[in-house]
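All remarks here apply to the structure that follows.
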Amino acid sequence: DAKRGDIGNTASRYAKAMFEFWKAGAVTVYPNLGLDAVKPFLQYQNEMTILLIKTSNPDSKVFQDLPVEGNPYYLAMANMITSWDFPNLGIFVGATYPDELKAVRSIFPERLFLTAGIGAQGGNVEQVVKAGIDKNGAGLMINASRSSIYVSETKDFAEKAREAALKLKNQINQYR
């Protein structure tokens, strides 16, 4: 889980580290600095760059919901990003904000979305799936780290983590 965001030259080094050294298939990036700070990641055309539009933490509203021309900042930013025409661009909206997820999905109806906040942060699976899937019932990746990795501290960890992942998968699929 590597969230990045910095100016051009530094961003190009971060992109190189993530995609060439660490061999990541995707990275999350703060788009607040503009396209020139995101482009070094997007230039890795076979890898996904996921833009953090609305994060799942409670205090995200402090800045991300500030009004900009009648809309919260995260929506103003999302609308501006629609002009960034890169096929390997994905979108992140926190699962703790299903209404916001739905609003951003309407701006990006065909983009791949990542969300987190199910489990330990209290996101509702049904609300998130219904708000975040695309018209084909897909296009949404749900990350549930803590509810998977902290299921057991004993030898049965792998089995318990698998059970938790399958349970979540079944929950997700019942609302698609």
What are the residue pairs meeting all of these: first residue in the range 62-87, first residue closer than 21 Å to D36 by Cα and touching a residue at least 40 places away in the same chain (Cβ under 8 Å), second residue among the aromatic types (F, W, Y) and open to solvent by less than 60 Å² (accessible area, probe 1.4 Å), Cβ atoms under 9 Å, and 6 or more apart or on different chains? I81/F108
When you go through V68, V38 one by one, which is the residue that is farther than 23 Å from A15 by Cβ, aliphatic (A, V, I, L, M) and at pLDDT 95 or above? V68
Answer with yes or no whether A116 is closer than 30 Å to N46 by Cβ and free of Cβ contacts under 8 Å to residues at least 60 places away in the same chain. no
A131 vs (1) closer than 18 Å to N32 by Cα; (2) part of a helix (DSSP H, G or I); (3) touching a helix residue (DSSP H, G or I) at 6+ places or on another chain (Cβ under 8 Å): all pass except (1)
Determine, yes or no, whether K39 is farther than 15 Å from M141 by Cβ, under 15 Å from the mean Cα position of the chain (by Cα) and crowded, with 16+ Cβ neighbours inside 10 Å. no
Whichever residue in the range 110-120 is under 15 Å from the mean Cα position of the chain (by Cα) and open to solvent by 40 Å² or more (accessible area, probe 1.4 Å) and, among such residues, is farthest from K3 (Cα to Cα): E110
Can you pull out every residue in the range 9-27 that is within 24 Å of N143 (Cα to Cα) and either without any contact (Cβ under 8 Å) to a residue 12 or more places away in the chain or open to solvent by 40 Å² or more (accessible area, probe 1.4 Å) (or both)? Y14, A17, E20, F21, W22, K23, G25, A26
Looking only at the range 61-106, filter to residues that are β-branched (V, I, T) and part of a loop (DSSP other than H, G, I, E, B); which one of those is surrounded by the most Cβ atoms within 10 Å (Cβ to Cβ)? T96
Flag if K167 is open to solvent by 40 Å² or more (accessible area, probe 1.4 Å), within 19 Å of the chain's Cα centre (by Cα) and modelled with pLDDT of 90 or more: no
What's the total number of residues in the range 142-164 that are farther than 15 Å from A95 by Cα and either among the aromatic types (F, W, Y) or open to solvent by 100 Å² or more (accessible area, probe 1.4 Å) (or both)? 6
For Y30, state whether it is under 26 Å from S12 (Cβ atoms), in contact with a strand residue (DSSP E or B) (Cβ under 7 Å, 6 or more places away or on another chain) and open to solvent by 50 Å² or more (accessible area, probe 1.4 Å). yes
Filtering the range 26-60 down to residues that are assigned to a helix (DSSP H, G or I) and under 20 Å from S106 (Cα atoms) yields P31
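The values are calculated or read from the model by the stated rules, or taken from the named source; none is laboratory data. What you see is a predicted model, and the numbers here were worked out from it, not measured in a lab. Quick reminder, even Gly has a Cβ in these numbers, built from the backbone with ideal geometry, and neighbours come from all protein chains shown. When the accessible area is computed, the model is the full protein with side chains, heavy atoms only, and any ligands, DNA or RNA have been set aside. Shrake-Rupley method; radii C 1.70, N 1.55, O 1.52, S 1.80 Å.
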